Ligand code: SF4
């Protein structure tokens with residue numbers, strides 16, 4: 001699919017947080033829009049996506065030159081108190097065009113010059129391993145969380161066909177963990193998976209976060225219901241997976257492999273730690 005690209009310097013790059021990200025002082029979105037266009041992504045119904053004239057997943061906006069802006073805002077934010085940053089809340093910081101744009105990398109370079117108290121990087125792209133050298137400069141004040149909602153690439157194709165293949169995400173997480181970084185697999189949202197999923201995750205990370213539509217979409221499942229995601233389950237004979245009971249089943253499988261302190265649930269999995 002052709003992705004429409006626009007670009008402009010941002011008027012601001014750090015956004016004060018609240019709600020789901022209340023534990024952070026700021027969120028940081030290098031891009032607006034997201035070419036992965038996951039079916040269940042609730043950002044598609046937020047104002048940022050509603051007035052674009054294009055479907056969610058069909059456009060990406062590059063916040064050109066954002067690292068200069070970040071340098072200034074970081075200095076000013078640090079004067080006001082501890083700075084903890086969630087990157088990113090309404091896009092994936094490793095868009096396919098990040099290969100050439102290197103915008104997220106430039107923001108990381110700026111952050112490394114004047115590190116925040118904590119940085120949480122959330123992505124589903126294997127490109128994230130490119131920046132291991134920069135992540136290493138943040139010591140224990142960073143966590144890299146890679147979304148792996150299932151171990152089935154068939155399910156990935158059903159729910160998020162434009163997102164990177166599952167095997168590549170496992171490989172990326174393995175590499176990040178092997179580099180000594182604090183990592184996490186974000187099983188978010190829980191998608192249908194095999195009974196070997198938990199043990200496969202344990203081979204690549206020491207921490208997992210589990211989240212589902214019913215706790216994680218900010219409206220106890222109403223937003224997901226409005227997106228019509230239930231129909232995908234029903235049409236493919238997966239209806240039993242569209243339920244908090246499916247989350248409980250996956251949790252039980254994780255508990256058989258991970259210690260309790262290695263498992264985070266819902267919002268807690270995205271908190272600064
Ligand atoms: S990668 Fe994240 S921001 Fe992008 S469409 Fe998927 S859920 Fe939404």
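The values are calculated or read from the model by the stated rules, or taken from the named source; none is laboratory data. This structure is a prediction, so every number in the text was calculated from the model and none was measured. Ideal geometry is used to build each Cβ from the backbone, glycine not excepted, and the neighbour counts take in all protein chains shown.
Against the list (1) surrounded by fewer than 17 Cβ atoms within 10 Å (Cβ to Cβ); (2) touching a residue at least 40 places away in the same chain (Cβ under 8 Å), the condition residue 227 fails is (1). Scanning segment 12-22 for residues that are in contact with a helix residue (DSSP H, G or I) (Cβ under 8 Å, 6 or more places away or on another chain) and either free of Cβ contacts under 8 Å to residues at least 40 places away in the same chain or within 21 Å of residue 216 (Cβ to Cβ) (or both) returns 20, 21. Considering segment 109-157, the residues that are free of Cβ contacts under 8 Å to residues at least 12 places away in the same chain and more than 16 Å from the ligand (Cβ to nearest atom) include one that is nearest to residue 41 (Cα to Cα), namely 154. For segment 133-156, which positions are within 18 Å of the chain's Cα centre (by Cα) and more than 24 Å from residue 265 (Cα to Cα)? Within segment 133-156, just 135 meets the criteria. Within segment 26-46, residues that are at pLDDT below 95 have Cβ atoms under 6 Å from residues that are near the ligand (Cβ under 8 Å from one of its atoms) in these pairs: 43/90; 44/56, counting only partners at least 6 apart in sequence or on another chain. Scanning segment 158-178 for residues that are assigned to a helix (DSSP H, G or I) and without any contact (Cβ under 8 Å) to a residue 24 or more places away in the chain returns 166, 167, 178. Among the residues of segment 203-224, just one is in contact (Cβ under 8 Å) with a residue 12 or more places away in the chain and more than 19 Å from the chain's Cα centre (by Cα), namely 203. Please verify whether segment 46-66 includes one or more residues that are more than 27 Å from residue 189 (Cα to Cα) and either within 16 Å of the ligand (Cβ to nearest atom) or buried (at least 19 other Cβ atoms within 10 Å of the Cβ) (or both). Yes, because at least one residue in segment 46-66 is more than 27 Å from residue 189 (Cα to Cα) and either within 16 Å of the ligand (Cβ to nearest atom) or buried (at least 19 other Cβ atoms within 10 Å of the Cβ) (or both). Are any of the residues in segment 257-266 surrounded by 14 or more Cβ atoms within 10 Å (Cβ to Cβ) and free of Cβ contacts under 8 Å to residues at least 40 places away in the same chain? There is no residue in segment 257-266 that is surrounded by 14 or more Cβ atoms within 10 Å (Cβ to Cβ) and free of Cβ contacts under 8 Å to residues at least 40 places away in the same chain.
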